[in-house]
Amino acid sequence: MIVKNSVAVVTGGASGLGEACVRHLNSMGAKVAIFDFAAERGGKIAAELGKDVIFAHTDVSDEAGVQAAVKKTIDAFGAIHIAVNCAGGGVPKKVLSKRGPMPLVDFSRTIQINLIGTFNVIRLAIEQMVKNEPQTDGEKGVIINTASVAAFDGQIGQADYSASKGGIVGMTLPIARECAEYGIRVMTIAPGLFNTPLLHSLPEAARESLGKMVPFPQRLGYPEEYAHLVQHIIENRMLNGEVIRLDGAIRMAAK
């Protein structure tokens, strides 16, 4: 898939890994739709980058909301060629704490946003991508999801988060196999420790300590490094149905 003149949807595009993808893809000539819940920040980024970037206020887990955001994208740019799913999050909670068992609603909410939200965007993006004119090798679209090393090395307190990210890993291959007949590739990136807003609330010393846990390079990842991998996946047609760990060889301890 050629990035220039393509239309990309980036969920969670108002901050962190998603924002880095928005900026990088736009710098390469792509038209980009930011799907995010952060209206002020998302609108500001779109205004800054100009006419080839739009913002759609949406919760990825809401069916009607994402349908409206997809329609806004099609109305503005005419197609969707690339979908990058970065929206998600989670708050560490033990299955059993001093307050009692983890509230089921907390577990469900994490699954709803991270896993179901990702699937919601995937299915609606595929619906649009199949309409595209085929490029080299008959390619019509690329979908890139965000899992986490927690899908493989989940720590204490990450039961819901690890389950949601493990679900993304688990559905990558079957969806890629289904989409092969459509000319659509499906990939997932499992990032390690990255310098995103999720970690910005920590003191500098704490972030440095986390960075030293990474074998090499001994630092937190830069969102731009994630965006560069997204670019490579888009451009390399042999990458399909796989999960790539982007983590500096870290393997998370139990806690």
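Just so you know, all these numbers are worked out from the coordinates, no wet-lab data involved. Every value quoted in this text rests on a predicted model; they were computed, and no experiment measured them. Reconstructed Cβ throughout: ideal geometry from the backbone, glycine too, with neighbour counts over all protein chains shown.
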Report task. Give the distance, in whole Å, between the Cα centre of the stretch 24-57 and the Cα centre of the stretch 188-242. Result -> 21 Å
Query raised in the report: Among VAL214, GLY183, HIS200, whose Cα lies farthest out toward the positive end of the dipole of the stretch 179-250, if unit charges sit on the beta carbon of Lys, Arg (+1) and Asp, Glu (-1)?
Result: VAL214
Query raised in the report: Looking at the chain, what % of its DSSP beta bridges pair antiparallel, to the nearest 5?
Result: 5 percent
Query raised in the report: Taking only the alpha-carbon atoms of the stretch 47-202, what semi-axes of the equivalent ellipsoid follow from 5 times the gyration tensor eigenvalues under a square root, in whole Å, largest first?
Result: 31, 18, 14
Query raised in the report: So how strong a dipole does the stretch 96-255 carry about its Cα centre when Lys and Arg Cβ are +1 and Asp and Glu Cβ are -1, to the nearest 20 debye?
Result: 600 debye
Query - Under 22 Å from the Cα of LYS131 - lysines, other chains or at least 8 residues apart - result: LYS4, LYS31, LYS71, LYS72, LYS140
Query raised in the report: What are the residues whose amide H is under 5 Å from the amide H of GLY221, where those residues sit 5 or more places off or on another chain and H is modelled from the backbone?
Result: LEU193, PHE194, ASN195
Requested in this report: Amide H neighbours of ILE244 under 5 Å, at least 5 residues apart or on other chains, H built in the peptide plane: list them.
Outcome: THR188, ILE189, ALA190
Report summary line: Volume per residue (Å³) of the convex hull spanned by the alpha carbons of the stretch 137-252 is 102 Å³
Query raised in the report: Hey, what angle do you get for helix 223-235 against the long axis of the chain, alpha-carbon based, 0 to 90 degrees rounded to 10?
Result: 40 degrees
**Report entry** ³J(HN,Hα) computed for each position of the stretch 169-183 - Karplus, 6.51 cos²θ - 1.76 cosθ + 1.60, integer Hz, glycine/proline x
**Finding:** 4, x, 8, 4, 5, x, 6, 4, 5, 5, 6, 4, 5, 8, x
Query raised in the report: Counting other C-beta atoms within 10 Å, which of SER27, SER61 has the fewest, and how do the rest follow?
Result: SER27, SER61
Query raised in the report: Mind listing the phi-derived Karplus ³J(HN,Hα) values for the stretch 82-95, rounded to whole Hz, using 6.51, -1.76 and 1.60 with θ = phi - 60°, and x for any glycine or proline?
Result: 9, 10, 10, 9, 10, 5, x, x, x, 10, x, 8, 6, 4
Requested in this report: Calculate, axis by axis, the spread of Cα positions in the stretch 59-143 along the three principal axes, and write the results as whole Å, longest axis first.
Outcome: 57, 27, 14
Requested in this report: Take LEU210, LEU193, LEU25 and order them by how many other Cβ atoms sit within 10 Å, fewest up front.
Outcome: LEU210, LEU193, LEU25
Requested in this report: May I ask for the distance between the Cα centers of the stretch 70-108 and the stretch 118-180, given as a whole number of Å?
Outcome: 13 Å
Requested in this report: Please express the shape of the stretch 4-130 as an equivalent ellipsoid: the semi-axes are the square roots of 5 times the eigenvalues of the C-alpha gyration tensor, given largest first in whole angstrom.
Outcome: 30, 16, 11
Report summary line: From fewest to most C-beta neighbours within 10 Å, the residues LYS98, LYS140, LYS72 line up as LYS98, LYS72, LYS140
Requested in this report: May I ask you to evaluate 6.51 cos²θ - 1.76 cosθ + 1.60, the Karplus curve with θ = phi - 60°, for each residue of the stretch 112-121 and list the ³J(HN,Hα) values in order in whole Hz, giving x for glycine and proline?
Outcome: 4, 6, 6, 8, 5, x, 5, 5, 4, 5
